[in-house]
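Written below as structure tokens is the structure these notes are about.
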Amino acid sequence: MDLSNRTTRRVAALVGAAATAALLVPLAGAAQAAPGPAPAVTAHVVKAAKATAPGFLGAADLPPAPGTSWTAGPVTAGMPEWTPFCLEGVLPAKGGATWHRRFHTDLDTWAVQVSVTAPSTDAARRLAAAGERAAAGCAADWLRATPGGTASWADYGRVTARDGARVYGVHTSVPDSEPGAHLLGVGRDGRTVTFVQWARMGDLTDAPVTAFKGTTAKAVHRLH
């Protein structure tokens with residue numbers, strides 16, 4: 001039995017047939033050129049296989065949506081197709097592992113949760129702080145990029161949950177278009193940071209701030 005077959009069998013025992021099929025070609029090529037450091041490759045694959053998503057919100061955890069109900073998508077590795085509003089300069093985060101879950105209703109309300117497990121607690125603190133700065137500066141940044149638009153923001157304060165969370169609100173509007181209201185929660189538990197965004201057409205005067213604070217607290221407590 002040659003080196004590539006031995007390495008393939010070792011990887012298969014650790015991560016299953018699907019991972020073996022993906023790794024078979026590069027491992028075989030490496031064996032033909034020169035025996036490679038199989039233990040290092042195997043350790044990397046095992047680490048990836050053991051990575052698991054943190055706990056996420058369910059549809060019932062979101063603020064009630066009058067006249068409709070929430071539907072939750074699957075918890076998915078990586079970033080959503082669109083980076084959450086206000087977090088374009090923060091996400092995707094460098095290093096660590098990212099997962100997301102999207103939520104929608106049959107009307108004009110939607111939400112998304114993105115969670116990042118950072119390489120260290122310090123990295124997670126920096127990521128959470130960057131998210132809070134981005135939320136606080138979001139309305140001003142949006143106005144600079146949107147001539148003719150109007151925007152406002154609100155800091156709704158801290159939320160008691162694990163290592164802390166905070167909720168912000170941002171309202172944006174452009175002529176001849178529906179205004180948008182956004183609530184953004186940023187929270188952390190150890191090395192994991194979660195970002196929860198709720199959005200609906202309208203303004204912040206009727207946004208479910210109190211309920212969303214509860215949602216943000218649940219998001220942080222669900223992480224582990």
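Restricting attention to the stretch 108-121, which residues are open to solvent by less than 50 Å² (accessible area, probe 1.4 Å) and either over 20 Å from residue 55 (Cβ atoms) or outside any loop (DSSP other than H, G, I, E, B) (or both)?
The answer is 109, 111, 112, 113, 114, 115, 116, 117, 120.
Quick check, is residue 98 out of contact with any Lys or Arg (no Cβ under 9 Å at 6 or more places or on another chain), open to solvent by 20 Å² or more (accessible area, probe 1.4 Å), touching a residue at least 12 places away in the same chain (Cβ under 8 Å) and closer than 15 Å to residue 187 by Cα?
Yes: the conditions hold for residue 98.
Given the criteria open to solvent by 30 Å² or more (accessible area, probe 1.4 Å) and assigned to a helix (DSSP H, G or I), does residue 127 qualify?
Considered against the rule, which asks whether it is open to solvent by 30 Å² or more (accessible area, probe 1.4 Å) and assigned to a helix (DSSP H, G or I), residue 127 comes out as no.
For the stretch 118-139, does any single residue satisfy the condition of being more than 19 Å from the chain's Cα centre (by Cα) and touching a residue at least 12 places away in the same chain (Cβ under 8 Å)?
Checking the stretch 118-139: at least one residue is more than 19 Å from the chain's Cα centre (by Cα) and touching a residue at least 12 places away in the same chain (Cβ under 8 Å).
So residue 119 fits all but one of (1) under 29 Å from residue 75 (Cβ atoms); (2) touching a His at 6+ places or on another chain (Cβ under 7 Å); what number is the exception?
Of the numbered conditions (1) under 29 Å from residue 75 (Cβ atoms); (2) touching a His at 6+ places or on another chain (Cβ under 7 Å), the odd one out for residue 119 is (2).
Listed here are the residues, each with its yes/no results for (1) of a type in the set (A, V, I, L, M, F, W, C); (2) at pLDDT below 95; (3) farther than 18 Å from residue 182 by Cα.
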residue: 62; (1), (2), (3): yes, no, no
residue: 68; (1), (2), (3): no, yes, yes
residue: 84; (1), (2), (3): no, no, no
residue: 93; (1), (2), (3): yes, yes, yes
residue: 129; (1), (2), (3): yes, no, yes
residue: 134; (1), (2), (3): yes, no, no
residue: 142; (1), (2), (3): yes, no, no
residue: 151; (1), (2), (3): yes, no, no
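Would you point out which residue out of 200, 222 is touching a residue at least 24 places away in the same chain (Cβ under 8 Å), in contact with a Gly (Cβ under 9 Å, 6 or more places away or on another chain), under 18 Å from residue 87 (Cα atoms) and open to solvent by 10 Å² or more (accessible area, probe 1.4 Å)?
After applying the criteria, what remains is 200.
Against the conditions (1) closer than 21 Å to residue 93 by Cβ; (2) assigned to a loop (DSSP other than H, G, I, E, B); (3) of a type outside the set (Phe, Trp, Tyr), where does residue 175 fall short? Just the number, please.
So residue 175 meets the others, but not (1).
Before we move on, is residue 105 surrounded by 13 or more Cβ atoms within 10 Å (Cβ to Cβ) and within 15 Å of the chain's Cα centre (by Cα)?
So residue 105 does not fit the description; no.
Of everything in the stretch 42-60 that's open to solvent by less than 30 Å² (accessible area, probe 1.4 Å) and either at pLDDT below 65 or β-branched (Val, Ile, Thr) (or both), which residue is nearest to residue 192 (Cα to Cα)?
45
Looking only at the stretch 85-95, count every residue that is closer than 22 Å to residue 155 by Cβ and surrounded by 23 or more Cβ atoms within 10 Å (Cβ to Cβ) and tell me the total.
2
If you check 187, 157, which single one turns out to be in a strand (DSSP E or B), open to solvent by less than 30 Å² (accessible area, probe 1.4 Å) and closer than 20 Å to residue 89 by Cβ?
Matching residue, one of 187, 157: 187.
Residue 39 passes all but one of (1) under 28 Å from residue 119 (Cα atoms); (2) assigned to a helix (DSSP H, G or I); (3) modelled with pLDDT of 50 or more; which number fails?
(3)
The values are calculated or read from the model by the stated rules, or taken from the named source; none is laboratory data. Just so it is clear, the structure is predicted and the values come from calculations on it, not from any experiment. Please note: Cβ atoms are built from the backbone with ideal geometry, for glycine as well, and neighbour counts cover all protein chains shown. Heads up: the accessible areas ignore ligands, DNA and RNA and are worked out on the full protein's heavy atoms, side chains in. Shrake-Rupley method; radii C 1.70, N 1.55, O 1.52, S 1.80 Å.
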